[in-house]
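Presented below is the structure to which this report refers.
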Amino acid sequence: MSTEAQRRYATAQALASTRLEGHVPTPEYLADCEAVIAGTMTGEEARARSLARVMEEQRRILAKEGGA
């Protein structure tokens with residue numbers, strides 16, 4: 001298992017890469033990253049939470065457009 005410092009470094013590198021691609025992380029996403037760094041959440045749990053947020057947003061969009 002990696003140390004908190006290693007997880008922080010890896011997360012900073014990953015966030016820098018995605019920001020270069022134009023991704024603007026949400027406060028919820030950044031909070032999940034901090035939880036992974038702290039070791040209170042696994043990477044898999046963070047991915048599941050991100051996916052759940054995306055799916056919920058898609059449901060809202062479809063409902064607003066009358067598609068759901």
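Scanning segment 10-28 for residues that are part of a helix (DSSP H, G or I) and open to solvent by less than 80 Å² (accessible area, probe 1.4 Å) yields a count of 8. The single residue among ARG53, ARG49, ARG7 that is open to solvent by 90 Å² or more (accessible area, probe 1.4 Å) and of a type in the set (Lys, Arg) turns out to be ARG49.
Restricting the search to segment 46-57, which residues are farther than 17 Å from ALA12 by Cα and touching a helix residue (DSSP H, G or I) at 6+ places or on another chain (Cβ under 8 Å)? Answer for segment 46-57, where residues must be farther than 17 Å from ALA12 by Cα and touching a helix residue (DSSP H, G or I) at 6+ places or on another chain (Cβ under 8 Å): ARG49, SER50, ARG53.
The values are calculated or read from the model by the stated rules, or taken from the named source; none is laboratory data. As the structure is a prediction and not an experimental result, all values here were calculated from the model. All Cβ positions, glycine included, derive from the backbone under ideal geometry; neighbour counts span all protein chains shown. Surface accessibility is based on the protein's heavy atoms, side chains included, excluding ligands, DNA and RNA. Shrake-Rupley method; radii C 1.70, N 1.55, O 1.52, S 1.80 Å.
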